[in-house]
């Protein structure tokens with residue numbers, strides 16, 4: 001099937017098999033390998049991307065379902081060689097170790113801050129329910145997200 | 001020569017150099033790699049825990065478009081050796097273990113057939129098209145049941161399921177008989193799954209005209225994998241290159257030369273095409289090593305004054321269906337450290353290792369030592385309760401004192417140095433232990449159940465070599481090469497293989513400290529067997545204590561070389577030189593100065609005008625091995641509230657005070673502690689790889705297997721002490737495994753302390769709400 005979509009502000013057209021997962025389309029066809037696959041039951045969130053501004057798990061969507069949509073992946077966050085404030089906060093707060101869950105974490109956090117500009121710690125932890133990390137114990141991720149929203153004038 | 005520490009040297013909280021690339025999606029994990037023409041490998045796995053394999057009909061699979069080949073175990077065995085095993089050790093029953101099962105499957109998930117196809121979807125289609133006739137056999141998953149006379153036997157050639165029996169320790173019978181009291185208990189350290197966020201994966205690329213095989217592997221030990229692949233494939237080792245690109249966590253589970261990685265390499269050689277294999281999460285739950293799976297029956301002999309005089313364990317260790325690389329070592333380590341941080345004169349473990357119809361077990365963060373800490377720390381609480389003593393008081397009476405090091409245990413381990421009481425007292429002060437006990441008593445009067453749990457844990461890191469070791473050998477040394485570029489920047493090539501530990505940053509800090517330059521000016525190269533001829537890898541918390549020490553020694557040698565050359569060029573005695581701000585200066589006349597870059601460029605230019613015996617490049621290689629394990633220790637205090645109506649456990653406070661020996665980057669050290677605590681709390685409260693009696697895994701995906709999420713964990717209160725170790729030049733201690741060692745006993749002790757007024761004596765992990773709720777109901781009934 002033919003699909004047309006915008007990925008990281010670029011128009012993309014492609015011919016895909018109906019059963020191709022969005023995550024495989026992004027990773028293997030567009031070579032946007034920052035979006036990772038950590039499970040096969042949509043529990044881990046490593047594949048989180050934004051679809052029309054909403055955080056979605058790209059392992060749970062078919063590429064054809066993204067037809068006509070705008071997608072942002074982790075590669076689309078930093079601009080002009082400068083880290084997005086969330087990415088910078090993850091760096092400053094040692095919020096990543098192996099880095100495998102990190103793109104999904106950042107994309108999930110990004111959506112949270114768009115939705116809830118002033119989340120408290122419990123809200124942040126709850127919002128990360130769909131994203132698993134095995135290295136950090138989450139505390140530094142929570143702190144990074146708080147720092148990023150404080151810098152943006154949010155957070156209580 | 002004087003030396004001014006650079007900014008970002010040892011002790012600095014430097015943000016990690018590894019981060020930016022990983023933050024923007026620029027990491028490179030195995031599945032991110034593509035080689036033109038590569039085929040995808042998929043494995044058909046057994047749905048049975050124990051069955052005889054009958055006919056395998058792959059004709060439909062072979063006929064599918066895009067399918068290049070299908071192999072069964074019998075076909076593979078014609079050109080592929082069996083997997084490594086604990087074989088070769090005296091007294092060990094080592095079953096043959098093949099990359100794909102032959103004639104019989106022995107656990108759910110064991111590989112039965114391999115498919116090569118042009119994409120991963122087609123490979124899966126082909127797996128589903130293979131028909132296998134199974135004749136199911138009775139299975140056994142409980143190790144005690146597997147020891148019974150009438151139990152189904154996994155490996156008929158071995159006459160029974162007993163893998164090995166071993167006694168470690170001295171005589172305990174007399175001391176137990178003479179004890180005023182013997183406290184008995186049975187503790188289970190349950191089977192869990194490592195669950196790295198990146199599953200395993202391999203990309204093997206054979207280039208026939210170069211006779212070169214490159215294997216990109218999600219591994220923590222590329223050099224060990226090179227050695228094993230060369231041996232198993234009969235491929236010349238010097239033409240084999242193993243690369244560990246970015247690796248998304250390993251935790252001990254990526255040490256083993258697994259069937260699938262071997263298959264990818266073997267089939268790349270055979271078909272002369274690149275072959276990729278990527279594990280799915282459900283496969284990870286079945287085919288990657290499981291961990292722990294130890295049960296002890298404890299007898300603890302106690303004197304009236306509360307000192308322990310004897311400790312005996314009967315330890316049943318579940319090996320799973322086969323040995324992985326060092327499966328058998330786990331219970332031995334548990335036995336070696338069974339006395340924990342305590343002075344117990346008589347101690348012994350009788351190990352019974354057993355095969356069951358389950359996934360093989362192997363290392364996971366805290367391997368053997370987490371089990372030891374759990375058993376002895378639970379024992380201390382049980383003894384305290386039976387004696388009517390405060391568990392803190394019991395620990396104080398038995399803790400090895402600061403002046404008693406080196407301290408030899410009755411189980412053949414020597415604690416090289418330490419200050420166990422220091423961490424304990426720090427943790428207590430932070431909590432206000434007396435105040436917390438008063439609060440607990442007050443809340444009990446209003447029907448609220450608070451619990452305080454302690455773990456004064458000890459473990460060990462950075463194993464030394466075992467001379468003449470047979471079977472799968474992992475050496476204790478590590479190697480680093482540090483060199484200066486002609487422009488004055490430096491590079492370190494290291495044999496450890498980091499995958500989240502921040503070793504790139506800490507290595508740069510160590511080199512920066514030694515050379516008086518900025519860590520940003522140090523490039524750290526790792527994970528490529530073509531970049532460093534020999535190394536051992538990252539495991540057992542050795543990366544800093546062993547690998548970091550090798551780097552430190554190499555960087556110091558390099559500094560001596562540079563100093564000698566600078567002194568020669570400035571025509572000054574070396575002891576007049578100060579190294580700072582990227583150059584050497586005369587202490588008495590700072591205008592006399594030469595930059596590190598000028599020194600390096602001079603050396604590079606050729607052998608003329610060099611001090612006697614100096615080579616034309618500034619480079620030093622050092623090997624380092626610890627003479628003994630470094631002793632690692634800490635105290636964790638956990639405060640929980642148990643909700644009696646629901647059985648829910650809420651962690652109110654978690655205090656961890658661990659000794660880093662020397663924290664090269666305290667932020668990284670704390671991060672290591674956080675991660676370990678999360679995994680340890682996960683084991684205590686959430687995680688278990690459960691099988692039903694027929695051998696079917698009941699928790700084989702993230703739907704059923706509960707690794708902790710952000711909302712499951714408390715905010716950690718972490719503190720570091722720094723008591724220098726005596727066995728490495730940095731004075732560093734391992735920290736990576738502290739969390740998984742300390743947290744399970746601290747949490748379980750806290751929960752059982754909360755439940756004490758209800759009469760619950762012991763519960764086995766994980767302490768799920770259902771289990772706690774049921775225990776409360778039964779106790780009340």
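The values are calculated or read from the model by the stated rules, or taken from the named source; none is laboratory data. The model shown is predicted, which means the values in this text are computed figures rather than measured ones. In this analysis, Cβ positions are derived from the backbone assuming ideal geometry, glycine residues included, and neighbour counts consider all displayed protein chains.
Okay, residues lined up against (1) in contact (Cβ under 8 Å) with a residue 60 or more places away in the chain; (2) more than 20 Å from residue B:320 (Cα to Cα); (3) surrounded by fewer than 21 Cβ atoms within 10 Å (Cβ to Cβ); (4) out of contact with any strand residue (DSSP E or B) (no Cβ under 8 Å at 6 or more places or on another chain):
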{"position": "B:271", "(1), (2), (3), (4)": "yes, yes, yes, no"}
{"position": "B:278", "(1), (2), (3), (4)": "yes, yes, no, no"}
{"position": "B:285", "(1), (2), (3), (4)": "yes, no, no, no"}
{"position": "B:291", "(1), (2), (3), (4)": "yes, no, no, no"}
{"position": "B:294", "(1), (2), (3), (4)": "yes, no, no, no"}
{"position": "B:301", "(1), (2), (3), (4)": "yes, yes, no, no"}
{"position": "B:304", "(1), (2), (3), (4)": "yes, yes, yes, no"}
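Against the definition (over 30 Å from residue B:754 (Cβ atoms), surrounded by 24 or more Cβ atoms within 10 Å (Cβ to Cβ), in contact (Cβ under 8 Å) with a residue 24 or more places away in the chain and over 39 Å from the mean Cα position of the chain (by Cα)), how does residue B:664 come out, yes or no? So residue B:664 does not fit the description; no. In this structure, residue B:211 qualifies as without any contact (Cβ under 8 Å) to a residue 40 or more places away in the chain and touching a helix residue (DSSP H, G or I) at 6+ places or on another chain (Cβ under 6 Å).
Examine region B:289-309 for a residue that is within 14 Å of chain A (Cβ to nearest Cβ), closer than 30 Å to residue B:704 by Cβ and part of a loop (DSSP other than H, G, I, E, B), and state whether such a residue exists. Walk me through how you get there before you give the answer.
Quick first cut of region B:289-309, residues within 14 Å of chain A (Cβ to nearest Cβ) only: B:291.
Filter once more, keeping what is closer than 30 Å to residue B:704 by Cβ: B:291.
Now narrow it down to the ones that are part of a loop (DSSP other than H, G, I, E, B): none.
No, region B:289-309 has no match at all.
Exactly one residue among B:531, B:562, B:566, B:554 is part of a helix (DSSP H, G or I), free of Cβ contacts under 8 Å to residues at least 40 places away in the same chain, over 23 Å from residue A:134 (Cα atoms) and touching a strand residue (DSSP E or B) at 6+ places or on another chain (Cβ under 8 Å), and that residue is B:566. Of everything listed in (1) without any contact (Cβ under 8 Å) to a residue 60 or more places away in the chain; (2) assigned by TED's automatic domain parsing to the domain that holds residue B:594; (3) in a helix (DSSP H, G or I), the single unmet condition for residue B:439 is (2). Of everything in region A:118-140 that's more than 7 Å from chain B (Cβ to nearest Cβ) and assigned to a helix (DSSP H, G or I), which residue is surrounded by the fewest Cβ atoms within 10 Å (Cβ to Cβ)? Applying the filter and picking the extreme gives A:122. On the basis of being more than 14 Å from every other protein chain (Cβ to nearest Cβ) and surrounded by 23 or more Cβ atoms within 10 Å (Cβ to Cβ), does residue B:640 make the cut? It is true that residue B:640 is more than 14 Å from every other protein chain (Cβ to nearest Cβ) and surrounded by 23 or more Cβ atoms within 10 Å (Cβ to Cβ).
Somewhere in region B:11-28, is a residue modelled with pLDDT of 95 or more and in contact with a strand residue (DSSP E or B) (Cβ under 6 Å, 6 or more places away or on another chain)? Checking region B:11-28: at least one residue is modelled with pLDDT of 95 or more and in contact with a strand residue (DSSP E or B) (Cβ under 6 Å, 6 or more places away or on another chain).
Could you please let me know if residue B:763 is assigned by TED's automatic domain parsing to the domain that holds residue B:383, surrounded by 17 or more Cβ atoms within 10 Å (Cβ to Cβ) and out of contact with any strand residue (DSSP E or B) (no Cβ under 8 Å at 6 or more places or on another chain)? Give the derivation first.
Values: assigned by TED's automatic domain parsing to the domain that holds residue B:383: yes; surrounded by 17 or more Cβ atoms within 10 Å (Cβ to Cβ): yes; out of contact with any strand residue (DSSP E or B) (no Cβ under 8 Å at 6 or more places or on another chain): yes.
The answer is yes for residue B:763.
The residues of region A:141-152 that are without any contact (Cβ under 8 Å) to a residue 24 or more places away in the chain and either more than 12 Å from every other protein chain (Cβ to nearest Cβ) or more than 16 Å from the chain's Cα centre (by Cα) (or both) amount to a single one, A:150. There is no residue in region B:171-187 that is within 14 Å of chain A (Cβ to nearest Cβ), touching a residue at least 24 places away in the same chain (Cβ under 8 Å) and under 30 Å from residue B:49 (Cα atoms). Applying the criterion of at least 3 residues that are over 30 Å from residue B:547 (Cβ atoms) to the helices (runs of 4 or more DSSP H) found wholly in region B:666-781 leaves B:738-755, B:769-780. Residues in region B:667-714 that are at the interface with chain A (Cβ under 7 Å from one of its Cβ atoms) and without any contact (Cβ under 8 Å) to a residue 24 or more places away in the chain: B:703, B:709, B:710, B:711. Can you go through A:102, A:116, A:72 and tell me which one is modelled with pLDDT of 95 or more and more than 24 Å from residue B:665 (Cα to Cα)? Only one candidate passes the filter, namely A:72.
Just a yes or no: is a residue in region B:567-576 within 21 Å of residue B:630 (Cβ to Cβ), surrounded by fewer than 24 Cβ atoms within 10 Å (Cβ to Cβ), in the same structural domain as residue B:612 (by TED's automatic domain parsing) and at pLDDT 95 or above? For region B:567-576, residues within 21 Å of residue B:630 (Cβ to Cβ), surrounded by fewer than 24 Cβ atoms within 10 Å (Cβ to Cβ), in the same structural domain as residue B:612 (by TED's automatic domain parsing) and at pLDDT 95 or above: absent.
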